[in-house]
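These notes are about the structure you will find just below.
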């Protein structure tokens, strides 16, 4: 990456991260419930947590919405909709009929008696009234089976059966045909096209009458006088008190004009959201700068926080379900899986505190959710197998249950106040957390992450790509296994990701499958295909195993984190054997070093730096004439010090102390690998028995 590209990346990051923070803040503020001036949280069947509450003014006790709706529906069964007669329909249709007597061959060929009969029948049908079949069926199925027909300022109740639909009117016309007339002649005249609906629904009058009908039902059941006692601290909110409190809340918000939005409320909510997100922003900036610069990580965390806070806001506003069904532990689990535990806890705290501002009984909510977040972190140190998530889910369910029981006994002083339904909510929460395992795969594909589960799957040596490597380049496969063991031990020593190194090491040399015979670990004694090749060509073949490895990895869908090991395990170093051989064979000539240099990039993480060291040390250790601590120590020091001096680890966040620890681990492991084995004794041949001399 050149200087210009780096500058553009920094500028994009500098503006992108604040921009998505602002977007998240705006979205959450807009979704925040607006609660007016009524600041009490209450729930039916739960104790009142505040002091004595008296009525601050007179207000009605409103009926619950369900009860009011039932009463309104009951009285509406006797409601009759309003209709009017559109006289222009009959007038226009009969004029059209008269005109067609001279124009339509089907009518003018009819005898005069038939025409007179049709005219009289149409007039009778229109006088009775024709209406839409949908309206007819709806009224016919109603309780009254009647409607109000409006004529001028008067409306008369009419039974639905006196009216016709277009179909029934046509059938009636045919049925009333005199016996001396041919029905088929009337049917062939297409008289049905002169039958149209003239009874029209009067929407405005009907709606007005419907509202008046509904107003007969009183929305309240009584009044509360100013100063009247409502409830005191510790008392249980029963059904009647719950209705009174809901009514007081409704009237308070209506009187304050805050049922919608209010400038001060919005400003206060915005201030709280900004402060909490600002704290998270500062945490990433000062304590997790690497994550702060990773735009995908920041977007992933903010998306999780915003999703769960928004879900809480929507649930609280619409009363969809109990908030304890929402699996807030998923925020902790996913961030812990893909990033780290401290960031997971901090993000969970932001989510929980913001959500607590929207839910009833925020104290209990905060206590329970923070405790569960801590349990999630403790129980899920690393997600590499499915059973770990299942185990964590059970502990989360247990934590919810125990904390709830403890809170009830603390607040109520009695175990009899425990609500069994709450445990059902906890169980549903537990089911949702189990499903979070499937979210891991989706998140990996969406954000380019890699989890411990995926690393375990990829490191299975029975994977087709690794089996192919073991068959085509068995020496390279053995080398990769040894590098994997060295890298894992070093990672554990300095606190790097051992699983990532193990998997990366297994795939780092897959490019050698393209030309396995050109690499010494795959050559038989006496076989060297480099003999006779120019040094530049040999170097090109060796260097190309990196490019070939990247192509193979991309073709097989390996994650970018694994491809990074393929690209960086040689960095921008040189295959020095061919470079030095060319220099010795061409003294005094200028050399194009680009022909003898790997494409890179150099290692940029602890894991890729360890990989580069382990690869070089393992390969070189095979050429030692003897294996003892001194020779191994000298080899390790020489190779790694050379890499440090040449600047291959400048981009990696690794210290000299880390490097010293890695050296010690490599020496210990190589001593074990190449330890002197005991020579097994051979069985002596049996001695011949001496002959007895007589």
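Just so it is clear, none of the values below were taken in a lab; they were calculated from the coordinates. The model shown is predicted, which means the values in this text are computed figures rather than measured ones. FYI the Cβ positions are ideal-geometry reconstructions off the backbone, even for glycines, and counts take in every protein chain you see.
Which order do 379, 358, 374 fall in if you start with the one that has the fewest other Cβ atoms within 10 Å?
374, 379, 358
Would you mind computing, in nm to one decimal, how far apart the modelled labels at residue 233 and residue 78 are, each placed 7 Å from Cα along Cα→Cβ?
The modelled label-to-label distance comes out at 5.1 nm.
If I fit a long axis through the Cα atoms of helix 341-356 and take the longest principal axis of the Cα atoms of the chain, what angle between them do I get, 0 to 90°, rounded to 10?
Between helix and principal axis, roughly 20 degrees.
Please report the spacing between the Cα centers of region 163-236 and region 554-631 in Å, no decimals.
Each part's Cα centre sits 86 Å from the other's.
Using only alpha carbon pairs under 8 Å that are at least six residues apart, calculate the relative contact order of the chain and give it in whole percent.
12 percent
Mind giving me the FRET efficiency for residue 318 and residue 340? R0 is 35 Å, r the Cβ-Cβ distance, nearest 0.05 is fine.
Using R0 = 35 Å, I get an efficiency of 0.50.
Relative contact order of region 124-175: what whole-number percent is it, with Cα pairs under 8 angstrom and at least 6 residues apart?
42 percent
Rounded, prolate or oblate, given the Cα gyration tensor of region 474-673, with a/c below 1.5 counting as rounded? Please report the intermediate quantities before stating the final value.
On the way: a/c = 1.44, a/b = 1.27, b/c = 1.13.
Rounded is the answer for region 474-673, as its axis ratio a/c remains below 1.5.
So between residue 581 and residue 556, what do we pick up on full extension, going 0.36 nm a residue minus the alpha carbon distance? Walk me through the numbers on the way to the answer.
Values: separation 25, 0.36 × 25 = 9.00 nm, distance 3.63 nm.
Here the answer is 5.4 nm.
Which length gain, in nm to one decimal place, applies between residue 421 and residue 622 when the Cα-Cα distance is subtracted from 0.36 nm times their residue separation?
On the way: separation 201, 0.36 × 201 = 72.36 nm, distance 6.72 nm.
Result: 65.6 nm gained on full extension.
State whether region 262-449 is rounded, prolate or oblate according to the following rule on the C-alpha gyration tensor (a ≥ b ≥ c being the square roots of its eigenvalues): a/c under 1.5 gives rounded; otherwise a/b larger than b/c gives prolate, and the remaining case gives oblate. Walk me through the numbers on the way to the answer.
Numbers: a/c = 1.84, a/b = 1.17, b/c = 1.56.
Because a/c hits 1.5 or more and a/b fails to exceed b/c, region 262-449 counts as oblate.
For the chain, find the longest principal axis of its Cα atoms and tell me its angle to the long axis of helix 629-645, 0 to 90°, nearest 10.
So the helix axis and the longest Cα principal axis differ by about 60 degrees.
How far is helix 3-31 tilted, in degrees, relative to the longest principal axis of the Cα atoms in the chain, given as a value from 0 to 90 rounded to the nearest 10?
So the helix axis and the longest Cα principal axis differ by about 40 degrees.
On a full-extension model of 0.36 nm per residue, what is the gain between residue 414 and residue 182, subtracting their alpha-carbon distance, rounded to one decimal in nm?
Fully extending the segment from residue 414 to residue 182 adds 74.5 nm.
Per Stokes-Einstein, at 10 °C and 1.306 mPa s, what whole-number D in µm² s⁻¹ belongs to the chain, with the Kirkwood radius over Cα pairs as the hydrodynamic radius?
My calculation gives 46 µm²/s for D.
Mean 1/r over all different Cα pairs, inverted: what Kirkwood radius does region 76-214 give, in Å?
So the Kirkwood estimate lands at 16.4 Å.
I'd like the distance separating the alpha-carbon centroids of region 437-462 and region 264-340, in whole Å.
Answer, in whole Å: 24.
Applying a 10 Å radius around every beta-carbon, put 593-601, 233-241, 543-551, 466-474 in order of their mean neighbour count, most first.
Sorting 593-601, 233-241, 543-551, 466-474 by mean packing, highest first, produces 543-551, 466-474, 593-601, 233-241.
Quick one: Cα centre-to-centre distance for region 392-411 and region 68-140, in angstrom?
After rounding, the separation between the Cα centres reads 70 Å.
Could you work out [θ]222 nm for the chain from helices alone, using -39500 (n - 2.57) per DSSP H run of at least four and dividing by all its residues? Round to the nearest 500 deg cm²/dmol.
Per the formula, -20000 deg cm²/dmol.
Just to verify a number: FRET efficiency for residue 390 and residue 446, C-beta to C-beta distance, R0 = 25 Å, to 0.05?
0.55
Order by neighbour count: 608, 476, 165, 26, fewest other Cβ atoms within 10 Å first, most last.
If I rank by nearby Cβ atoms, fewest first, I get 26, 165, 476, 608.
For labels at residue 434 and residue 461 in the simple 7 Å Cα→Cβ model, what's the distance in nm?
For the pair residue 434/residue 461, the computed spacing is 3.5 nm.
Pairs of Cα atoms under 8 Å, at least six residues apart: use those to get the relative contact order of region 262-449, whole percent.
Answer for region 262-449 is 21 percent.
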